[in-house]
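Participant: Quick one: the structure is below, questions incoming.
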Amino acid sequence: MENKVKVSAPLVFVTGKGGVGKSLWAAGLATQLARSGKKVLLVEFGETSFYGFFYGKSFGMDPVAIENNLHLSIWSGATCLRDYIGHLVKIDRLADLFFENKVMKALIRGAPALKELAILGKATSGVRNYGPELDFDHVIFDSYATGHFLALLRAPVGMYEAIKFGPMGDQSKAIVKTMSDPRLTEYHVVSLLEELPVSETIELCDALKSEFNDNIKVVVNKSLRALPTIETSSNVFESSIQRNLSRQNHAWEHLLKHYEPAVEVPYYFESEPQKLVDHMAQHSGDAIHGGPS
Amino acid sequence: MKDLFQNTEVIVCTGSGGVGKTTLSASLGVLAAREGKKVLVLTIDPAKRLATALGITSSNTVVRVPGQDFKGELFAGRIDSVEIFSQFIRNSAPSSDVVEKILGNRLYEQLSTTLSGSQEFTSLVKLYEEKNSGNYDLVILDTPPTQHAIDFLHSPEKIYALFQSSITKWFINNAEVGKSVWSRLIHKGTQTVLSVFHKVTGSDFMDELSNFFFSLKDLQDNITQTCKGTQELLKESTTRFVLVTSFDRAKIQEATSFYSELVGGGYQLHTTLINRAFPAWYLKPRPDHFSSEALEKSYEEQMKYYSARSQVFDQYQKDFSDRLNVVMLPEVEDELAGLEGLVTVANLIESPTSSQS
Ligand SMILES: Nc1ncnc2c1ncn2[C@@H]1O[C@H](COP(=O)(O)OP(=O)(O)O)[C@@H](O)[C@H]1O
Ligand SMILES: Nc1ncnc2c1ncn2[C@@H]1O[C@H](COP(=O)(O)OP(=O)(O)O)[C@@H](O)[C@H]1O
Ligand SMILES: [Mg+2]
Ligand SMILES: [Mg+2]
């Protein structure tokens, strides 16, 4: 198939149903962009790290180099807020006082939308020229699964509706503007060729398109469609493969009616983390540069 | 596996999103009903096909699963977080004025959707309510998709911390006084904190937040009680956790640390279900004829891959078998449709290596 993954925006949010391969796609894409000479930051959202295990290193908020041009960091709501407040108040002691306050602690842990705004505020700060600088050509976000992801994106929208004025309103508005600009932000929706992930993908793309922007790339992962088709077989392995194939083809047709996938990644029967990332990088590279798929 | 239901009144199925939690919760329900229990399965966002199989309609009401013929009885319900949240407020507020004030607050909608832990909180509220109804021998709770299995356990704590009266009072008092241009009445440290908060969020936000806390103060007792009640329920000796996980090294690693956190926290993890661990053909003898060289090559490649994975599993099994039940479930080949689909999975949970049809 013709490949259409061209990463045009500086900010790339990778999302999709749980377990579909978001983290691996994000890592492969980031690696590929870095190897082609771009300065790339791969960001994982959350408190515990998948990549930490994957790369056998521990990561935090400060970017750590994993290879030439490629840095990795983990952002949580709390660390993003800390970063932002540190930037605003400039005096460390004041920021410390703020974060040690029992009430603020509880608020930060649980208050509506604060963490979401802090994360998106930091994510968009580079292109908005606001807040601590993020000096990279591309930032790839291995973000949350579908439901959480939409809640994350909708937080500043809702906040702006509730509070129009003051820093909260201003920041929310600026964040939404960035997330809605196809030149600044693109969305990669990873999907498997199974009924549920495909319908979730279609719904998610519809929502992103109508609420944010349409710079969306659908990444089909773990495809078996390159395997040969055969009519019938009494071989248990072959009949299982055929059943899977017909299910995958069916899901593919369904997806195609709504969105044309930008790239189709095969199932790699490989469990070595770095090899998997390399396969992914290679594949997204071919896709980006229009090479063989 | 059988002893999972012995002296058990609540089963909580945890695990990260997309691993098959909802399907396996319902299948555990089938198993329990087959053993003669009157069981309720509370699902979260069931896929359409699964909802149909269970006879669940769009509302929050519990239904008796249609077309069943078990020794016991199977009921199912769906947790609608937003609705339960507003219901909770209606039931806890002292008057309808208060209800209106809360539901009309500009931050309310944000609260019921993005307050971290709100979905977990509402599912626990529902669990608590159904368990205490005394209508069932067993209630099985499917949990919201979290990034990590452990997130679920921390949710009542988070909500509890946020609504503790000391916090709310601090906020209401100080924000009120604070309005009079950072009055000197406030403690110096507090003043600093408030001014930083003001700088970040602005007075509109602070006003709205303090209004919000003010209108919620009548609910505090109820929120506190519910949080405490659910936390206790999760630690009761008749409550058991089941961890559903997919099969890769990172997830197994996560399962290991989840196990330690559960045990450390005084909860009981009974079983780990590793779902879709291998295809059904993996356990069958090698076919002696292949249609093409490409397919034979693919067979070898996949065989190698799955056996490498099962070594990881063997290690996990070895580390935990004395303390924990670990069950590895194969990929089901046929479409998992209707109650029959759930029965198929239930059979596999009972004996994972048995043939599928
Ligand atoms: N194309 C692929 N081929 C083989 N394994 C894959 C592929 N994509 C993802 N995986 C594996 O599948 C599992 C889930 O992928 P992951 O990236 O962690 O998903 P997510 O981040 O969406 O939860 C991981 O073990 C990953 O290594
Ligand atoms: N062992 C299995 N074999 C094949 N398909 C499965 C198995 N377990 C779950 N599924 C399928 O996987 C999909 C996701 O399952 P679901 O229970 O909705 O996951 P979750 O609740 O964790 O998101 C459903 O289509 C379900 O039928
Ligand atoms: Mg991931
Ligand atoms: Mg589910």
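The values are calculated or read from the model by the stated rules, or taken from the named source; none is laboratory data. Bear in mind that the values here come from a model prediction, so they are computed numbers and not experimental data. As a convention, Cβ positions derive from the backbone with ideal geometry for all residues, glycine included, and neighbour counts pool all protein chains shown. In case anyone asks, the SASA skips ligands and DNA or RNA and just uses the protein heavy atoms, side chains included. Shrake-Rupley method; radii C 1.70, N 1.55, O 1.52, S 1.80 Å.
Participant: Of these, A:231, A:195, A:272, A:200, which one is open to solvent by 70 Å² or more (accessible area, probe 1.4 Å), within 11 Å of chain B (Cβ to nearest Cβ) and within 16 Å of ligand 4 (Cβ to nearest atom)?
Facilitator: A:195
Participant: Considering only the stretch B:333-349, state which residues are more than 16 Å from ligand 4 (Cβ to nearest atom) and either open to solvent by less than 10 Å² (accessible area, probe 1.4 Å) or modelled with pLDDT of 90 or more (or both).
Facilitator: Selection gives B:339, B:340, B:343, B:344, B:346, B:347, B:348, B:349.
Participant: Let me ask another. Considering only residues of the stretch B:136-157 that are at the interface with chain A (Cβ under 10 Å from one of its Cβ atoms), modelled with pLDDT under 75 and out of contact with any His (no Cβ under 9 Å at 6 or more places or on another chain), which is most open to solvent (accessible area, probe 1.4 Å)?
Facilitator: Residue satisfying both the conditions and the ranking: B:151.
Participant: Working only within the stretch B:122-135, note down all residues that are open to solvent by 10 Å² or more (accessible area, probe 1.4 Å) and in a helix (DSSP H, G or I).
Facilitator: B:125, B:126, B:128, B:129, B:130, B:131, B:132
Participant: A further question on this structure: Could you tell me which of the residues B:29, B:15 is within 12 Å of ligand 2 (Cβ to nearest atom) and either open to solvent by less than 10 Å² (accessible area, probe 1.4 Å) or small (Gly, Ala, Ser) (or both)?
Facilitator: Criteria check complete, one pass: B:15.
Participant: State the number of residues belonging to the stretch B:15-60 that are under 19 Å from residue B:270 (Cβ atoms) and within 16 Å of ligand 1 (Cβ to nearest atom).
Facilitator: Residues flagged as under 19 Å from residue B:270 (Cβ atoms) and within 16 Å of ligand 1 (Cβ to nearest atom) within the stretch B:15-60 amount to 5.
Participant: Hey, can you tell me all the residues within the stretch B:231-256 that are at pLDDT 90 or above and either in a helix (DSSP H, G or I) or away from ligand 2 (no atom under 16 Å from the Cβ) (or both)?
Facilitator: B:232, B:233, B:234, B:235, B:236, B:237, B:238, B:239, B:240
Participant: Helices (runs of 4 or more DSSP H) wholly in the stretch A:76-144 with at least 2 residues that are within 14 Å of chain B (Cβ to nearest Cβ) and surrounded by fewer than 20 Cβ atoms within 10 Å (Cβ to Cβ) - which ones?
Facilitator: A:77-89, A:92-100, A:102-110
Participant: Could I ask something else about it? Any idea which of (1) away from ligand 1 (no atom under 16 Å from the Cβ); (2) open to solvent by 10 Å² or more (accessible area, probe 1.4 Å); (3) part of a loop (DSSP other than H, G, I, E, B) is the one residue A:71 doesn't satisfy?
Facilitator: (3)
Participant: Inside the stretch A:252-269, can you point out the residues that are closer than 29 Å to residue B:307 by Cβ and open to solvent by less than 10 Å² (accessible area, probe 1.4 Å)?
Facilitator: If the condition is that a residue be closer than 29 Å to residue B:307 by Cβ and open to solvent by less than 10 Å² (accessible area, probe 1.4 Å), then A:265 is the only one that fits.
Participant: Checking residue A:240 against (1) under 20 Å from the mean Cα position of the chain (by Cα); (2) small (Gly, Ala, Ser); (3) under 26 Å from residue B:21 (Cα atoms); (4) within 13 Å of chain B (Cβ to nearest Cβ): exactly one of these is not met. Which one?
Facilitator: (1)
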